[in-house]
Structures are given as C-alpha cells and as structure tokens.
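See below for the structure under consideration.
The values are calculated or read from the model by the stated rules, or taken from the named source; none is laboratory data. Quick caveat, the model's predicted, so the values are computed rather than measured. Virtual Cβ from ideal backbone geometry, glycine too; neighbours counted across all protein chains shown. Just so you know, the surface numbers come from the protein's heavy atoms only, side chains and all, with ligands and any DNA or RNA stripped out. Shrake-Rupley method; radii C 1.70, N 1.55, O 1.52, S 1.80 Å.
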Amino acid sequence: MSRIGILLIVLGGLAVLAAIGVGTAWLAVRRRRSRYAWFFLGMLILPLAVLALLPARDPVPVGAGGEVLVEVRGLRKWFPVQKGFIANLLSRGHTDYVKAVDDVSFTIKRGEVLGLAGESGSGKSTVGRLVLRLLDPTEGEVVVDGVDLARLDKENLRVYRHKMQVVFQDPLASLNPRMTVGQAIEHPAQIHLPDTTPEERKRLVFELLDAVGMSPPDFFYSKYPHQVSGGQRQRIVLARALITQPDLIVADEPIASADVSVQALLLELMIKLKDEFDLTYLFITHDLATTKYICDRIGIMYLGKIVEIGPLQEVFENPQHPYTRALLSAVPVPDPRHRRTEPLPTGEIPNPINPPPGCNFHPRCPIAAAGVCDGELPSLRPVPGSEDHLVSCHLRTGDHTHLDPARTGGPSA
Amino acid sequence: MTQDAIAADRSSVATGDVLYSIRDLSVEYGTRAGEVAAVDRVSLDIRKGEILGLVGESGCGKSTLGKAMMRMISPPGRITQGELWFAGEDLMTVSEAQMREIRGARLGMVFQDPMTSLNPLSKIVDHLTETITTHEPSVSEAAARDRAEQLIGRLGLRVERIDDYPHQFSGGMRQRIMIALALALRADLVIADEPTTALDVIVEAQFLDLLRELRAEFDLTIIMITHNIGVVAEVADRVAVMYAGRMAELGSVDEVFLDTKHPYGQGLLRAVPNIELDGSDLYQMEGAPPNLLHTPSGCPFHPRCPHVMPICSEREPAFAEVTPGHRASCWLFQEHDGEGER
Ligand SMILES: Nc1ncnc2c1ncn2[C@@H]1O[C@H](COP(=O)(O)OP(=O)(O)O)[C@@H](O)[C@H]1O
Ligand SMILES: Nc1ncnc2c1ncn2[C@@H]1O[C@H](COP(=O)(O)OP(=O)(O)O)[C@@H](O)[C@H]1O
Ligand code: SF4
Ligand SMILES: [Mg+2]
Ligand SMILES: [Mg+2]
C-alpha cells in the first residue's frame, strides 16, 4: 500500500477519534459530570498532539542534504570472531572482533565520484554495505540526503532504498538465470514504481537498454543472462540499477571481472551514465589505475581505516601517507621504461583482529618514528595548504612533523 | 636486484640458446557445441634464462598452451598436432612415465591458486622433502630438510614456519612455497600461470622482485602467463601476445610495448589504465574477444580491427618477422596483392 494511503487512513482515524472526543465531552459537560469531561477532552487532545508531532517524524524530506549526498561519521563495523566451544571456554567468553571498519568518516557531494581503494580485506566492501545499510553499523552514522538511515523504520528504509543502488563485481551472481534480460531490469520497478503501467515499464526498460549500449533493445529484451557476454551482463545490471532513478550507486569492483578491452568500455559507460542520469558514485576498487579515469576524490583504506583522502589529482601527484606512496608505486605500469620510485613495504597486512597499536601501519612503515608511531593513533588532518586533502600520519600532518625525514633531508619515503 | 640493474639484465638475454621449442602446436577441446580451437598452430621458442611474458585476454588459450607444454592436457582436451622440443627431446614422443619424471624435476608449474596443488594435510616441509627425495633418492631425509630450510629462508619466509600447513599461509606466501617446490629440484623452466592474479599489488610487486632475483641466482627460465599487461611490462624480457588461440605478436618487451605492430596489441595497450599517464581517455576497442568455437576467418582479429582490409577476412596472415626477432601476424606488414584471393 502506498504511503499516501496509509497517511489518509491514519488521519481519518484520528479525525473520528477527535469527533467522538468533542461530542462526548460536550455531552458530559451538559450532564455536569466533569470527571468524564476531562477524560473525553483527553481523547480530543491526544489525537491533536499526535497530529502535531507527525510532520516532525516524516523521514523522507527530499533534497534535505543540499550539496552533500552522503555523509558518513565515525563508522565502525566489528565482526565477532566465531570460536569453537573449547576456545570459547578457554577465553572465558571473551570475544575477539575483526575490526573491518574502524572509525571511518567521509562525505560525497551530489554528482561526485568518490573512490575507495586499498588492498583486499581493508574494509572497502564493508563500508559500501554499511552505506547501503545492507549491514548495521556497530557505531557511527550514515546520512544520505540529510536523513540518518538508522532512524528509518523498515518501511521507510525500503522506500528510501530505491535512491541507492548497488553494482557488484560478478554480474552473473547478481542476475537470476531464469529471468530474461527484460524481466530482470523491470523487476525493481514493479516494487519501487508500483504506479506505472506494464507498458510504461516496458518502454522504460527499452530506453535503459539503449542507454547502456545494448541495442537493438528488442534483440536483448528476451535473452537470458547466459546468452550474453560478461560485459553485457554488467550493462544489464547497470540498467537494472537505473530503473528506480537512484541518486547514489555503490559500485563494488564493478569492472574487476571483465577483460581489459571490456573494462575500458564499462568505465566509459559508467562515466556517461553518471552525467546522463545525474548520479553520484561510491566507486570501490582494488585497482588504483582505474580510479584515475573516473574518480573525483579518492580515499585510501588500510586495516579498516581511511589513511588518506582528497581530490584524486592531489592524492596521486602529492601522496602524503607512506602507505599511499607504497601502494601507488607498486601498481604495475604498462611501460617497460617505468621504474618504481618507492621502496616496497616489507611483510604483509597484519591480522585485523589484533591490529598494531598506534598507527596501524607503523611495523611496515619506512619512516616510522619509535616512541611516536607505535604509541598514539594519528587522526586524519588536513595537509598544510590544502582544505580537503586529509592524511593520518604523525610525521606528515600530526604533531611530529619535525621527525619527518622528508623535512630533515633524509630519505623521502 | 636494483631497479637499474633490470634494464641491463634484460638486454643480456636478448640472444640465448633455445631451451624449449614449440612447433605448430594445436590443442582442441571437444564440447557438445563442437571443437574449441584453444591453441591453433602455435610456434614459439623460449630462450634459456629469459622471462617470457605470455599475455592476452581471457579465453585466448594462454593456460592451455602452458599446460600443453607440460603435456598436462586432459579430456575433453587433446593435442591434435605439433612438436614440443625440450632440451633436445620431443616431449610428444616420450612415455607418460618419462614425462612424469621430467615434469617433476625439470619443468615446474605455478598456478593462480596454489591450494589446488598443495596437499592440505601435509606440512610445508613434507611437501619439499618429499619432492626432493622422490626425484633424488640418494639425498637423505636430513639433507633434504636442510635444503628445504635454506629455500624457505631464501624466499623470505621464516624458517620456523616450515612445519606449518598450507592453509596457515597467506596467498603471497603460498606462491613463494610453489616457487620453492620448483627450485627444490633445480627446475630449468618454470611455467607460472597467473601467479600474481590473486595477490594485492604490494605483495605482487614483492613476488615479481623475487622472481627476477631467483632467475639470476638459479639460472631459471620463466614463462609468465598473465592477462595483466602491467605485470608483463614490469617483469618480462620478451613478450608473446596471443589472440584467439594464435600468436599475434612476439618481440622484446621494448619492441612489443614501444613499437607495437599488431593492431590488437596497439588497441590493448591504449585500453589498459596507466596510472602514470596524464588524464588521457582509454581507447574503446570495438567488440569482444571471439568465441573459439567459431574463430573468425582469415586474421581472427579482423572483425575488430580499425585497419581491416579486404584480404584480412579471406586469408590468414603468417606469423612473420617484421624486423629481426620481432614478429607479427598481420597483413599490414606482409606482401599481398591488396584484393585478397577469390
Ligand atoms: N560478514 C563478515 N563476517 C566476518 N568478517 C567479515 C565479514 N565481512 C567482512 N569481514 C572481514 O572484514 C574485513 C574487511 O573485509 P571487506 O570489507 O570485504 O574488505 P575489502 O572489500 O577491502 O576486501 C576482512 O578481514 C574480512 O575478512
Ligand atoms: N576443459 C575445457 N573444456 C572445454 N573448453 C575449454 C576447457 N578449458 C579451456 N577451454 C576453452 O579453451 C579456450 C582457451 O582457454 P584457456 O586456455 O583457459 O585461456 P586463457 O588461459 O587464455 O584464459 C577458451 O575458449 C576456453 O573456453
Ligand atoms: S604515522 Fe608513522 S608509521 Fe604511520 S605512516 Fe606515518 S610515519 Fe609511518
Ligand atoms: Mg571487497
Ligand atoms: Mg588462464
């Protein structure tokens, strides 16, 4: 049932209650039974009070976020580690947690593409699922278009969800093998756009097939997912995401499973769709090279935290965090003349159940200062001379910049 | 090895003896829909001491070629023709027992997912010592363990971990263990099929550095099969580009990347994201790689080629030298009458 319908019924019910309240109170006064009068007056006042409160609860004020579409504040997601019965006894019920996302904050402006990059296990996908509220956060807030998603009840969250869509890496897994391409794309519209007629929806599907480059649309409309190529399947998933007219698309490694030549086509398509449909993207990838072609800003994640975030060009040309520098330098470049400029960090990413104290990166960091980096957690602070380029490193933006070898003339790792 | 030494190192293997020679090799898979020509009349020489990068998009036949070199093609696949010359012997003519011997001792293989070739119930040390003592019965258990410990240490793993089981290692460490297995027997040739594809970039870079060091130290020859063009540029001395089961281009890494001949390679290089280039757009190559049930006629790239000529769909170009050592199968570089034959 539509929200308007529910609202009308509630209002009607309240009006009836109020009318009964007024009527019986009047009767009671006339019969000089004031005790009842108060009771009936209460019946009158209660619905009025509820009515007065109603607008304040209406959780879907469109466009309330203004320029900012997504705001994430202090987001945490800790997954409890499943232990065997004996291990549980031995630890006396003490629970360990995988700190998959640990105090992450960022904003995405309307029309912007924010990239989230980092090695596997750094928490990128978990952030994506928290933003979509496919997962409940352990702590922190996700505000989309001015609305705190945690405050929405089930019904409103469902309604709200059509503004946010998701595209995953493997299109075959996201498509029902028994639905035709046309049915798959139309399906979300049946739920989210119930007022449209089947004919309108079919026309919409055709338009979208055309928009994602699957033409002629009537050729693909009745095909099944296994009858088209991998790249075309991802186009179908994009079309399906667009049918509910979302504001935000969370794309989690959307081109990772495609071939190089197809990756370029999908990337170009996503850029085109963004402009055509006024979209905002959270673009999650482990491949830094592709972010260059689509992202406006980029956040680098390490062990559940954002260690650096800022305008893409600034982060790429002037990376500050030692981890960002190592990561950028390790990306293989398709040019045999290219030589790496930074030393590789030694070892591998530590266990997220027991991350190192202080700065998470300090055991692998080429410039870590003993007594500083292994003690206190650095916070994300702006790089001097820049407003929106933030880095969490004691030696780069913290209180110990005098220890930075780049300043003292040492190696500029 | 320093980054500067890489360039010098690369040129030193420019001319070497041929260690492995593939002649006119074809491999087909029989499927319900028909025969898939996964490797189609491929000829290729691998030089002693080189790292040869074998690249191409998925499904072009790279893994099949790698497995065929080890004679590891199993039904529904079969080698339908060709010769495989390894150190003076045609592997197509040796018995399966001899082949097993060669496979264990002189040809090593590293796969994308090492768990498929490690026994989850055996400790790492047992994998190593067992490999050594089976192929070299004269080596004592203790000597084998010694050798295993040295290798593990050399590959950057802590020696205590030799008594751990495969699942206790990360992906990057397991790939090092696979290399250790090949080195335990002093293999001459290691065929690594997408060894870094499941690894993150930093671990991948560490692994590639290690491969280069080992090549020099152990006099290894390595075939690096990958779809990642950046990895090839980083590590290979020579590059072979495959398309639709056939060789499209072959040359030194500089020739193939900086003086690309084949239009497929040219398109591919412009389509791949390059973190070092300034804001250029990615090239939009038309179409997708073909289904090898129905490889296109003539030059298999002709339906996607921006330079297509009438002859391209009618006759197959030869895989011929454009300049000495640099080959391409493309009519743009070969004599033809311009019209194609009837
Ligand atoms: N549902 C889950 N239960 C337990 N641990 C999880 C779950 N989802 C993710 N994790 C863990 O959280 C960490 C971050 O995972 P993820 O967000 O998938 O990282 P990324 O996308 O960057 O690879 C990893 O250590 C992962 O194992
Ligand atoms: N076991 C098999 N059965 C049928 N076809 C196969 C089999 N293995 C590979 N193929 C086909 O052979 C072709 C080449 O595959 P492969 O050698 O795995 O390519 P690559 O390693 O370059 O991705 C593909 O078209 C693939 O579908
Ligand atoms: S805070 Fe210290 S350990 Fe962390 S990145 Fe900066 S220098 Fe390295
Ligand atoms: Mg992920
Ligand atoms: Mg393969």
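Excluding ligands, DNA and RNA, what is the solvent-accessible area per residue of chain B at a probe of 1.4 Å, expressed in Å²?
It amounts to 42 Å² per residue over chain B.
Taking the alpha-carbon centroid of each part, what is the distance from segment A:77-98 to segment A:350-413 in angstrom?
A separation of 31 Å, based on Cα centres.
What does the charge dipole of the protein assembly as shown about its Cα centre add up to, to the nearest 20 debye, if the Cβ of each Lys and Arg holds +1 and the Cβ of each Asp and Glu holds -1?
3680 debye
Could you compute the net charge surrounding residue B:121? Neighbours are other residues with a C-beta less than 13 Å from the C-beta of residue B:121; K and R count +1, D and E count -1.
Taking every other residue near residue B:121 into account, the sum is -2.
Quick one: Karplus J couplings for segment B:308-314, per residue in order, coefficients 6.51, -1.76, 1.60, θ = phi - 60°, nearest Hz, x for Gly and Pro?
4, 10, x, 5, 4, 8, 9
Skip the ligands, DNA and RNA, and give the accessible area per residue of segment A:212-312 with a 1.4 Å probe, whole Å².
That works out to 29 Å² per residue.
Lys/Arg Cβ at +1, Asp/Glu Cβ at -1, dipole of segment A:68-295 taken about the Cα centre: which of A:190, A:290, A:91 is farthest positive-ward?
A:91
From the mean inverse distance of alpha carbon pairs (Kirkwood) and the Cα radius of gyration, derive Rg over Rh for segment A:68-295.
Rounded to two decimals, Rg/Rh equals 1.01.
For the protein assembly as shown, go through all pairs of different Cα atoms, get the mean of 1/r, take its inverse, and jot down that Kirkwood value in Å.
Result for the protein assembly as shown stands at 29.7 Å.
Starting from the Cα of residue A:109, draw a straight line to each of the lysines and keep only those under 30 Å, dropping any in the same chain fewer than 8 residues away.
Excluding near neighbours in sequence, the set is A:77, A:99, A:124, A:154, A:163, A:272, A:274, A:292, A:305.
Compare the peptides A:379-385, A:354-360 by average per-residue count of other Cβ atoms within 10 angstrom and give them in order, highest first. Walk me through the numbers on the way to the answer.
Details: A:379-385: 13.9, A:354-360: 18.4.
So the order, starting with the most tightly packed, is A:354-360, A:379-385.
Less than 27 Å apart at the alpha-carbon level, and either on another chain or at least 8 residues along: which lysines does that give for residue B:48?
B:62, B:67, B:261
Given a 1.4 angstrom probe, I'd like the percentage of the accessible area of the protein assembly as shown that is carbon and sulfur, rounded to a whole number.
53 percent
Where does the charge balance sit around residue A:368 when Lys and Arg score +1, Asp and Glu -1, over other residues with C-beta under 13 Å from its C-beta?
Within the 13 Å Cβ shell, the charges total -1.
What is the Cα centroid distance between segment B:147-206 and segment A:189-233, reported in whole angstrom?
Going from one Cα centre to the other spans 47 Å.
With each run of n ≥ 4 DSSP H residues scored as -39500 (n - 2.57), what mean residue ellipticity at 222 nm is computed for the protein assembly as shown after dividing by its residue count and rounding to the nearest 500 deg cm²/dmol?
The per-residue figure over the protein assembly as shown is -11000 deg cm²/dmol.
Does any residue of segment B:199-236 lose at least 30 Å² of accessible area with all protein chains in place compared with its chain alone, and if so which ones (probe 1.4 Å)?
Listed by number, the residues meeting the 30 Å² cut-off are B:200, B:201, B:202, B:203, B:205, B:206, B:230, B:233, B:234.
Just the number, please: percent antiparallel of the DSSP beta bridges in the protein assembly as shown, rounded to the nearest 5. Provide the component values of the computation, followed by the final result.
Values: 58 of 94 bridges.
Close to 60 percent.
In debye to the nearest 20, how big a dipole does segment A:68-295 give about its Cα centre with +1 on each Lys and Arg Cβ and -1 on each Asp and Glu Cβ?
540 debye
Between chains A and B, what is the buried accessible area summed over both chains (1.4 Å probe, protein heavy atoms, nearest 100 Å²)?
Buried: approximately 3600 Å² between B and A.
Sort B:230-236, B:318-324 by the packing proxy (mean of other Cβ within 10 Å over each peptide's residues), most packed first.
Highest mean packing first, the order is B:230-236, B:318-324.
Could you please report the charge total around residue B:152, scoring K, R as +1 and D, E as -1 over all other residues with beta-carbon less than 9 angstrom from its beta-carbon?
Details: positive: B:154, B:158, B:161, B:176; negative: B:149.
Counting the neighbours of residue B:152, the net charge comes to +3.
If you average the C-alpha positions of segment A:245-264 and of segment B:90-129 separately, how far apart do those two centres end up, in angstrom?
First find each Cα centre; the distance between them is then 38 Å.
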